[in-house]
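Okay, structure first, notes after.
The values are calculated or read from the model by the stated rules, or taken from the named source; none is laboratory data. The shown structure was predicted, so the numbers you read here are calculated from the model rather than taken from an experiment. Here the Cβ positions follow ideal geometry from the backbone for every residue, glycine too, while neighbour counts run over all protein chains shown.
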Amino acid sequence: MKERITTKKLAAICNVSLGTVDRALNNRYGISPKTRDLILQKAKEYEYTPNHIGRSLQSGKTSDIGVIVHDLDNRFFSQLVNSIQQAAWERGFYIQLAVTLRDPQRERIILEHMVERNMDGILLFPAGKGSDLDDYLQSLVQPVICMGNKISENCRSSLIGLDDRNILFSTASTLAENGYDNFLFVAPFIDESEGMNNYETDERFKGFSEALIEKGLPWQYLKNWNYLQDIVRIIQGNQKTAVVCSSDIYALEVLKHLKNKGIHIPEDVGVMGFDNLDILTYVEPALATIHYPVKEMGMTAVELLLDRISNPEQAVQNIFVPAEILWRESI
C-alpha cells in the first residue's frame with residue numbers, strides 16, 4: 001500500500017507553494033492552467049486524497065453544502081440535483097441531499113439537522129412559506145439560497161428561478177392569437193393547506209389568467225384529482241381548446257388520456273406542458289412545452305451560494321434564468 005501523500009509533499013514534488021497546491025485542488029483563482037494541470041496530474045499519479053476532517057477542523061469549513069428538494073420521483077428534481085452535484089464537485093464541494101416530500105414540518109427538521117452538521121451553506125427548494133420561515137433562515141449563520149419558490153412577499157433570502165408569470169402570460173397570449181378560443185389550466189393535487197408553498201404554480205396561473213382576461217377569453221382552472229375526466233367533459237361541444245399544464249408530467253397524462261378517447265391532438269385539442277423534461281424525446285406527438293433551464297439553474301445556484309459563503313454581507317439577489325417557449329406538434 002502506498003504511503004499517504006500530503007499537500008506538503010505534493011507541493012515539493014511540483015516545486016510550488018502550499019497555497020498554489022490548495023488553489024489547484026480546490027479550483028480557485030490565481031493559478032495558471034499549466035501549473036494547475038501539473039498539480040492535478042501529480043495528485044492523480046500519487047493517488048492523493050484530501051483529509052476532509054482535518055481541513056474542516058483547521059478552517060471551520062466542511063466543504064459540504066446542503067441541498068433540499070421536494071422529492072426525486074419528479075424527473076425535474078433529479079435533473080436539478082444532478083446539475084447541482086456536478087457544479088459543486090467541480091468547485092471542490094460535496095452535497096448532502098434531503099427530500100421534504102412537500103412537508104413544511106419535515107423541511108424545518110431537515111434544515112435544523114443541516115445547520116447542526118455545519119453545512120457551509122444550503123440550497124432550498126421551499127415546501128413551506130411565510131414570515132416565520134423567512135425569520136428562521138435569516139437567523140442562521142449559514143447562507144441559504146432559495147430555488148423556484150419564494151417564501152414570502154418581502155423575502156430576505158436570495159432566490160433563483162424563472163419569471164413564471166411573464167412566460168405564461170406570453171404563452172397564453174400567443175395561443176389566443178393563433179386561434180384558440182377556450183383554455184384550461186391544469187395543476188392537480190395542489191395542497192392549499194396553510195403554510196404550503198405553491199409560489200411557482202400560483203405565478204404561472206396568474207400570468208395565464210391575466211393574459212386571457214385581457215383578451216376577453218374563457219378559462220378554467222383544473223386542480224382536482226379527476227382532472228382528466230373534467231377535460232373530456234369540458235371540451236365536448238366547445239371551441240378549440242388549449243390545455244396548458246403546470247408541468248410536463250401532467251401534460252403527458254393528458255396526452256395519453258385524450259388519445260385513448262379518440263380525441264385528435266392538435267386538431268381537436270392543443271396540449272402544452274412546462275419543464276421540457278428529457279423524456280419528451282420519446283413522446284408523440286412532440287409535446288409543446290416551456291423549457292425550464294434546470295442545468296443552468298443548478299449551476300447558477302451553486303455559484304450564488306459559494307459567493308455568499310465567501311462574502312456573507314453580499315446583498316440579496318433575485319435571479320431569473322431565461323425560459324423558452326418550445327412550440328411543437330401538440331399545439
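Would you point out the residue of segment 222-260, among those that are surrounded by 15 or more Cβ atoms within 10 Å (Cβ to Cβ) and of a type in the set (Phe, Trp, Tyr), that is farthest from Asp275 (Cα to Cα)?
Tyr227
Quick one: is Ser59 polar (S, T, N, Q), modelled with pLDDT of 90 or more and within 21 Å of Ile122 (Cα to Cα)?
Criteria not met by Ser59.
Check off (1) touching a His at 6+ places or on another chain (Cβ under 9 Å); (2) crowded, with 18+ Cβ neighbours inside 10 Å for Ala288 and give me the number that stays unchecked.
Failing condition for Ala288: (1).
If I filter segment 84-124 down to residues being of a type in the set (S, T, N, Q) and surrounded by fewer than 20 Cβ atoms within 10 Å (Cβ to Cβ), which single residue comes out as farthest from Val141 (Cα to Cα)?
Only one residue tops the list, namely Gln86.
Of these, Ala87, Ala12, which one is assigned by TED's automatic domain parsing to the domain that holds Ser310, modelled with pLDDT of 90 or more and either among the small types (Gly, Ala, Ser) or farther than 30 Å from Ser246 by Cβ (or both)?
Result of the check over Ala87, Ala12: Ala87.
I'm told Val144 meets every condition in (1) surrounded by fewer than 23 Cβ atoms within 10 Å (Cβ to Cβ); (2) under 30 Å from Gln96 (Cβ atoms); (3) under 18 Å from the mean Cα position of the chain (by Cα); (4) not acidic (Asp, Glu) except one. Can you identify the failing condition by its number?
It is condition (1) that Val144 fails.
Restrict the check to segment 295-314 and report whether at least one residue is among the β-branched types (Val, Ile, Thr), more than 30 Å from Asp120 (Cα to Cα) and surrounded by fewer than 22 Cβ atoms within 10 Å (Cβ to Cβ).
no
Could you check, for segment 64-73, whether at least one of its residues is buried (at least 17 other Cβ atoms within 10 Å of the Cβ), out of contact with any helix residue (DSSP H, G or I) (no Cβ under 7 Å at 6 or more places or on another chain) and more than 17 Å from Ile309 (Cβ to Cβ)?
no
What number of residues within segment 156-177 satisfy the criterion of being assigned to a loop (DSSP other than H, G, I, E, B) and without any contact (Cβ under 8 Å) to a residue 24 or more places away in the chain?
Counting residues in segment 156-177 that are assigned to a loop (DSSP other than H, G, I, E, B) and without any contact (Cβ under 8 Å) to a residue 24 or more places away in the chain gives 0.
Do you know which residues across segment 92-120 are on the phi < 0 side of the Ramachandran plot, in contact (Cβ under 8 Å) with a residue 60 or more places away in the chain and either under 19 Å from the mean Cα position of the chain (by Cα) or outside any loop (DSSP other than H, G, I, E, B) (or both)?
Across segment 92-120, the qualifying residues are Phe93, Pro104.
Could you give every pair whose Cβ atoms fall below 7 Å, whose first residue belongs to segment 304-331 and is assigned to a helix (DSSP H, G or I), and whose second residue is among the acidic types (Asp, Glu), counting only separations of at least 6 or pairs across chains?
Between residues of segment 304-331 that are assigned to a helix (DSSP H, G or I) and residues that are among the acidic types (Asp, Glu), the close pairs are Ile309/Asp120.
Each row is one residue, and each column tells you yes or no for (1) farther than 30 Å from Asp134 by Cβ; (2) assigned to a loop (DSSP other than H, G, I, E, B); (3) in the same structural domain as His264 (by TED's automatic domain parsing).
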position	(1), (2), (3)
Ile190	no, yes, yes
Arg204	no, no, yes
Glu214	yes, no, yes
Asp230	yes, no, yes
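Can you give me the number of residues within segment 261-279 that are among the small types (Gly, Ala, Ser), without any contact (Cβ under 8 Å) to a residue 40 or more places away in the chain and surrounded by fewer than 23 Cβ atoms within 10 Å (Cβ to Cβ)?
Within segment 261-279, residues that are among the small types (Gly, Ala, Ser), without any contact (Cβ under 8 Å) to a residue 40 or more places away in the chain and surrounded by fewer than 23 Cβ atoms within 10 Å (Cβ to Cβ) number 1.
Which is at pLDDT 95 or above and in contact with a Ser or Thr (Cβ under 6 Å, 6 or more places away or on another chain), of Ala187, Ala251, Ala211?
Sole residue among the options that is at pLDDT 95 or above and in contact with a Ser or Thr (Cβ under 6 Å, 6 or more places away or on another chain): Ala211.
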